[in-house]
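Nothing in this text is a laboratory measurement; each read-out follows from the coordinates by a stated rule. Since the model is a prediction, treat every value here as computed from it, not as a measurement. Glycine gets a Cβ as well: all are built from the backbone with ideal geometry, and neighbour counts include every protein chain shown.
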Amino acid sequence: MKTTSDPGYIEDLIKRMNSDDELPQSGPFKSSRDTVSFQANREAERLDDLSVLSQIDERVHKGKKLKSGDSTDLAKILSELIRNTDDPTAIDLYLELIKRSPNTGGPTMYLISGAKNARIRECWGFVISQLGTKNSSVLSTAIEYFGAIGNKDGIPIIGDLLDADCNGVTNPMYCAMALEKIGHKDALPYLERAVSRHKKSRKREGIDARAYSAKAIQYLSVN
């Protein structure tokens, strides 16, 4: 196994992240921990050596456009590096990764998820550009991004989606959860309307929206 000081480390890490190989069983029961991919993904989550940026940069700029799998792998690795270092050069490279990635459901969801986990505020505009999606996973992850960033400016963005019940694309409970996470009382009108609107709902989405909105109202009322 290569170390971060080796020239081919990132290539090796990506191969291991996608490996189907199993490791010797570590306990009395077989576990996902006993796989090469599980261990490699945990390794990526601990990555904090900025010397690997040149290797990542080379892969980001390989060819005219990245393939879906390459985009997903690089989003995982680079976002973890940013989460652990908050390095501005790494953030700039993440924005370049977004530009060179295919604008399709899977890669877009992973790019937003990486930006959410690393709290990359510079991805705000990119995430806003995805709010018209018809992909449930993309929209729910985008909503979670605004909650993770925690900026008050996200309240009307999420609130409008809650008012529209996410246009039927995803469960509006994600909006209530994100508004609670932002933690500002400006969210209360949106949450109160959701509770009132879904008071008699029998559908799962309506019940969830009412329950999580009521929970958020309770939290915001005492904080």
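At-a-glance table
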| read-out | value |
| --- | --- |
| Nitroxide proxy distance, nm - points 7 Å out along Cα→Cβ at LYS62 and ASP153 | 3.5 nm |
| Principal axis dimensions, the stretch 1-130 - Cα atoms, whole angstrom, descending | 48, 30, 27 |
| Pairwise Cα inverse-distance average, inverted: Kirkwood Rh of the chain (Å) | 19.0 Å |
| Degrees, to the nearest 10: 36-45 long Cα axis against longest axis of the chain | 70 degrees |
| For peptides 82-88, 197-203, sequence by mean Cβ density within 10 Å, most packed first | 82-88, 197-203 |
| Total charge dipole magnitude, the stretch 1-130, about the Cα centre, Cβ charges on Lys, Arg, Asp, Glu only, Debye to nearest 20 | 500 debye |
| Sites ASP34 and THR4 - FRET efficiency at Förster radius 35 Å, r taken between beta-carbons, to 0.05 | 0.90 |
| Efficiency of FRET between SER54 and SER19 - r from beta-carbon atoms, R0 25 angstrom, step 0.05 | 0.55 |
| Segment ASN223-ASN167, extension gain: residue separation times 0.36 nm, minus the distance between their alpha carbons | 17.2 nm |
| Base-10 log of normalised Debye intensity for the stretch 132-223 (one unit scatterer per alpha-carbon) at q = 0.10, 0.15, 0.19, 0.24 Å⁻¹ | -0.20, -0.46, -0.75, -1.19 |
| Simple spin-label estimate for SER129 and LEU95 in nanometres, 7 Å along Cα-Cβ | 1.2 nm |
